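Colleague: Just passing along the structure, written as structure tokens.
The values are calculated or read from the model by the stated rules, or taken from the named source; none is laboratory data. Every value quoted in this text rests on a predicted model; they were computed, and no experiment measured them. Here the Cβ is made from the backbone with ideal geometry for all residues, glycine too, and neighbour counts use every protein chain on show.
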Amino acid sequence: MTTPNGGGWYNSGPGPSYSNSNNSNGYGSSPNPPATPIVPGRPQQSSSTPTRLQPPPPPTNRYSNFEITIPVNRWPSSHSNSNTPNTPSTPSSSMDPPLTLISMAEGYFEAAHASGYKAALARGGGDAKAYYKLVATGLRALEAALQCRLQPRLEAMVRLRYAGILHEETENGDEAEDALNKGIMLAQRVMILPTNLSDRKLMRSQGNFTDIKYTMQHLLARIMLRTTPKASLKMLNSCIADSETLDMVHWTYSFRFLRCNILMEDSPLHDEQGAMTTLQKISSTAAARRDHGIYLLASLMETMISASSGADGIEAANRALARANSLQLESLQGMEQLGILRQMLDIMCSLMAGRYSESEVKVKVLHGMLDHSSKAQIWTPSGEFEILINPVRLGRPEERLRFKWLTKEDIFVLGYFISGLCKFQKNVEEVGRGEKYLQEGLRSIERLLKEDHTSMTSLVGAMNKSTWRQTLKCHVMLYHTFLLCVRTDWDGAIKGFNNLQQAFSVLPPQRSLLPTLITYLQAVISHGTNQLDQALELYKLVYTTVQSPDSEISIISKLNSIIILRPRDSRAAEHLMNAVEKPCASTKNYLMKAAYMAVKATERGELVKTKNYLSLALQLATQTTNQQLTFILLSFMCHRFFSGVVSEQAEKSARAALQNATRGRDSLWSLMGGEMFADCLARKGNEYEAMRQRDLNEEPRNAVVANLTRHMLPDEHASRGVGFHEVV
């Protein structure tokens, strides 16, 4: 009982944003439209222009999020008679001043983004100052270009780019809003110009302006979210209605994903049910149009939102996951990343319910998928992939949504982490396989954090990526230390906890469960090393500071407190027991039920009730493959029912307790099982075997005494004369 359910999965809602393409600058024929995030990490917004635009660093990381973009082929193409340059990174051959300024601006932005990761590591040093100087110079060049007389399309694109950089790199939200509002008004003026139906070129230009207008509104909604969130949501609802009227389904998807993201933000607008309703509308539209990728993505996002409420949301998560699993793999060609995400969520749902046997089978499938994806070379350096959307009418071109998820390296680290969690209960039995997975994950993260990144990325993007990786590193270290606690390697656990604190200290302040889990780990170590007063304080800190008193971390902290309080303050222990009874009875997590039954069985009460509780606890411990809880219960049963008894059954019970504890590499319970077995042999008159067993007990006895007296002064230790009965 040293850890709550295996692993945590942080949900995150979608929110369009720009992808970071090296070949995209916002003016050419292949812009990268908006995107929407999901996956480990709270929901964060992104931007929505033809280039990479992301907001300043939020309180929690967002690199782990998906980013969904609008169709590439909806953007205007470059024509030979257009004033839009094909390669804005180099001056136009005619040396047109506006195009030269735009090209210069893009050159400065590219130079800044080439040093983005280096500037992020500097955290305010000279590299960061040089980065911001390059960005500021590029913004001045765009401002100068806007003072020139530009063609409407080019002016709209420049305003979009200008506002996107302001939103991404600065806090000048008012200037960004002003630039976007002027650009939207310009697009609307062009769209309402009288047209001759035979003038197809003009009609095509107006269609392009519709996309540009929606892109600017998409970005404007995210900018307004910082200052006027209600107005942002109202504008977004209007955009959804307009896109539905115009039958521009790709924009309907994009705006609805953004709406879901806004509703999942930690803000006054937070509304999980509203986000679920929005996703269900996306699923309904996608199912009717046979847009399998969008349908799968919406279902997976529903799964994450449901799973974010813990084991109580597992049933709803499994229903959403069943809809995602209804799609055949053949329909996901080119979208293997979504298949990997689906498998990961399936595993996490099994872990959160305490069904470790299921998760072990599923993780083998995940390994095969990762190996195949590595050989198939489906990964891009930026983690981007595309989803095709069926045309609205026959003869119309397909639309494309571009997604930006995790890179191949990050996905493989997650694979190691999830594999380690799946082996949590069988780590000792399988000679530390769970620890090996987590150790390999740690080595991979260290390489990623130390490597010299040459990819083009903004300072904000680099900081988000680094923060997400550092946060994942802390989670891997956390569960690796829990595994050391399970096999009573307290020296290793203390060292691991100190390293974890050091890794966590470099993270920016964040509202997540991680600090609470670290506090719980510290309480477990204090409990295991005989600092019981400190352990009680830390357990109390955990269950009094979490948002929900019925959360799993709160329940397990109360159960551990009960064990300490029983010989000290039976009334306080009984009060906590009554507090956890109802949530433990209704929880869907079998591990939590097993822990509750074990604590309930060890309290003083009627013999019949004790037997019933022990039977249920053993059944659940076996079902969840919890080896540690199994040998604890076997030891208690031997002590409770066979103490002082001379019989074959008593000997078998003591031997079973000893063998299981020894197999679990638990020195404390190996000592207790060994002493009970030696006493049983002595009562039968087998003194030789009893003495032999007591000699074998010396090694675990020395380890237990050394551990439980590590915080005592030498004089105090000598005066107490700690022995077996005082230790256990």
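Colleague: Take Asp266 and tell me if it is farther than 30 Å from Val546 by Cβ, part of a loop (DSSP other than H, G, I, E, B) and charged (D, E, K, R).
Modeller: no
Table: residues versus (1) modelled with pLDDT of 90 or more; (2) surrounded by fewer than 16 Cβ atoms within 10 Å (Cβ to Cβ); (3) among the small types (Gly, Ala, Ser); (4) farther than 29 Å from Ala324 by Cα.
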| position | (1), (2), (3), (4) |
| --- | --- |
| Gly207 | no, yes, yes, yes |
| Lys213 | yes, no, no, yes |
| Lys234 | yes, yes, no, yes |
| Leu263 | yes, no, no, no |
| Gln280 | yes, yes, no, no |
| Ser283 | yes, no, yes, no |
| Ile294 | yes, no, no, no |
| Ser299 | yes, no, yes, no |
| Ser306 | yes, no, yes, no |
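Colleague: When you look at Met348, is it buried (at least 23 other Cβ atoms within 10 Å of the Cβ), over 29 Å from Asn626 (Cβ atoms) and not small (Gly, Ala, Ser), yes or no?
Modeller: Considered against the rule, which asks whether it is buried (at least 23 other Cβ atoms within 10 Å of the Cβ), over 29 Å from Asn626 (Cβ atoms) and not small (Gly, Ala, Ser), Met348 comes out as no.
Colleague: Have a look at Pro567, Pro515 and point out the one that is in a helix (DSSP H, G or I) and without any contact (Cβ under 8 Å) to a residue 12 or more places away in the chain.
Modeller: Going through Pro567, Pro515 in turn, just one is in a helix (DSSP H, G or I) and without any contact (Cβ under 8 Å) to a residue 12 or more places away in the chain: Pro515.
Colleague: Have a look at Glu409, Glu430, Glu358, Glu384 and point out the one that is touching a residue at least 40 places away in the same chain (Cβ under 8 Å) and among the charged types (D, E, K, R).
Modeller: Of Glu409, Glu430, Glu358, Glu384, the one residue that is touching a residue at least 40 places away in the same chain (Cβ under 8 Å) and among the charged types (D, E, K, R) is Glu384.
Colleague: Related question: When the range 236-261 is examined, which residues are found to be among the polar types (S, T, N, Q) and exposed (fewer than 15 other Cβ atoms within 10 Å of the Cβ)?
Modeller: Scanning the range 236-261 gives Asn237, Ser238, Thr245.
Colleague: What pairs can you find where one residue is in the range 212-235 and over 24 Å from Val158 (Cα atoms), the other is outside any helix (DSSP H, G or I) and of a type in the set (A, V, I, L, M, F, W, C), and their Cβ atoms are less than 8 Å apart, with a gap of 6+ or different chains?
Modeller: Once the first residue is over 24 Å from Val158 (Cα atoms) and sits in the range 212-235, its partners that are outside any helix (DSSP H, G or I) and of a type in the set (A, V, I, L, M, F, W, C) give Pro229/Leu269; Lys230/Leu269; Leu233/Leu269.
Colleague: Looking at the range 445-458, I want the residues that are more than 8 Å from Tyr117 (Cβ to Cβ) and have a partner that is modelled with pLDDT of 80 or more and assigned to a loop (DSSP other than H, G, I, E, B) with Cβ atoms under 9 Å, at least 6 apart or on another chain. Which pairs are those?
Modeller: So the pair list comes out as Leu448/Thr407; Met456/Ser382.
Colleague: Regarding Gln547, is this residue touching a Ser or Thr at 6+ places or on another chain (Cβ under 6 Å) and not in a helix (DSSP H, G or I)?
Modeller: no
Colleague: If you don't mind, another one. Given the criterion within 46 Å of the chain's Cα centre (by Cα), charged (D, E, K, R), at pLDDT below 90 and surrounded by fewer than 21 Cβ atoms within 10 Å (Cβ to Cβ), identify the matching residue among Arg655, Arg720, Arg710.
Modeller: From the options Arg655, Arg720, Arg710, the qualifying one is Arg710.
Colleague: Inside the range 434-487, can you point out the residues that are polar (S, T, N, Q) and surrounded by fewer than 20 Cβ atoms within 10 Å (Cβ to Cβ)?
Modeller: Selection gives Gln439, Thr454, Ser455, Gln470.
Colleague: When you scan the range 599-610, do you find a residue that is modelled with pLDDT of 90 or more, exposed (fewer than 14 other Cβ atoms within 10 Å of the Cβ) and of a type in the set (Asp, Glu), even just one?
Modeller: no
Colleague: Continuing with this model, one more query. I'm trying to understand the selection: among the residues of the range 556-578, which are buried (at least 16 other Cβ atoms within 10 Å of the Cβ) and of a type in the set (Gly, Ala, Ser)?
Modeller: Ser557, Ser561, Ala573 - these are the residues of the range 556-578 that are buried (at least 16 other Cβ atoms within 10 Å of the Cβ) and of a type in the set (Gly, Ala, Ser).
Colleague: Kindly check whether there is at least one residue in the range 420-434 that is in a helix (DSSP H, G or I), among the charged types (D, E, K, R) and under 20 Å from the mean Cα position of the chain (by Cα).
Modeller: No, the range 420-434 contains no residue that is in a helix (DSSP H, G or I), among the charged types (D, E, K, R) and under 20 Å from the mean Cα position of the chain (by Cα).
Colleague: Spot the failing condition for Leu532; the list is (1) closer than 30 Å to Ala703 by Cα; (2) surrounded by 21 or more Cβ atoms within 10 Å (Cβ to Cβ), and only one is missed.
Modeller: Of everything listed in (1) closer than 30 Å to Ala703 by Cα; (2) surrounded by 21 or more Cβ atoms within 10 Å (Cβ to Cβ), Leu532 misses just condition (2).
Colleague: Does the range 304-317 include one or more residues that are at positive phi and touching a helix residue (DSSP H, G or I) at 6+ places or on another chain (Cβ under 7 Å)?
Modeller: Checking the range 304-317: at least one residue is at positive phi and touching a helix residue (DSSP H, G or I) at 6+ places or on another chain (Cβ under 7 Å).
Colleague: Does Ala311 count as part of a helix (DSSP H, G or I), of a type outside the set (Asp, Glu) and touching a residue at least 24 places away in the same chain (Cβ under 8 Å)?
Modeller: For Ala311, the condition - part of a helix (DSSP H, G or I), of a type outside the set (Asp, Glu) and touching a residue at least 24 places away in the same chain (Cβ under 8 Å) - is met.
Colleague: Now for a separate question. What number of residues in the range 320-345 are at pLDDT 90 or above and either surrounded by fewer than 16 Cβ atoms within 10 Å (Cβ to Cβ) or not in a helix (DSSP H, G or I) (or both)?
Modeller: 1
Colleague: Would you check if Ala317 is in contact with a Cys (Cβ under 7 Å, 6 or more places away or on another chain) and surrounded by 16 or more Cβ atoms within 10 Å (Cβ to Cβ)?
Modeller: Considered against the rule, which asks whether it is in contact with a Cys (Cβ under 7 Å, 6 or more places away or on another chain) and surrounded by 16 or more Cβ atoms within 10 Å (Cβ to Cβ), Ala317 comes out as yes.
Colleague: Of the residues that sit in the range 620-652 and are in a helix (DSSP H, G or I) and free of Cβ contacts under 8 Å to residues at least 24 places away in the same chain, which one is surrounded by the most Cβ atoms within 10 Å (Cβ to Cβ)?
Modeller: Selected residue: Met637.
Residue-by-condition table, conditions (1) surrounded by fewer than 18 Cβ atoms within 10 Å (Cβ to Cβ); (2) free of Cβ contacts under 8 Å to residues at least 12 places away in the same chain; (3) within 28 Å of the chain's Cα centre (by Cα):
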{"site": "Asn499", "(1), (2), (3)": "yes, no, yes"}
{"site": "Pro509", "(1), (2), (3)": "yes, no, yes"}
{"site": "Ala523", "(1), (2), (3)": "no, no, yes"}
{"site": "Leu541", "(1), (2), (3)": "yes, no, yes"}
{"site": "Thr544", "(1), (2), (3)": "yes, yes, yes"}
{"site": "Ser554", "(1), (2), (3)": "no, no, yes"}
{"site": "Pro583", "(1), (2), (3)": "no, no, yes"}
{"site": "Leu591", "(1), (2), (3)": "no, no, yes"}
{"site": "Met597", "(1), (2), (3)": "no, no, no"}
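Colleague: Follow-up question, since we're still on this one. Could you count how many residues in the range 95-109 are surrounded by fewer than 16 Cβ atoms within 10 Å (Cβ to Cβ) and in a helix (DSSP H, G or I)?
Modeller: Of the residues in that region, 1 qualify.
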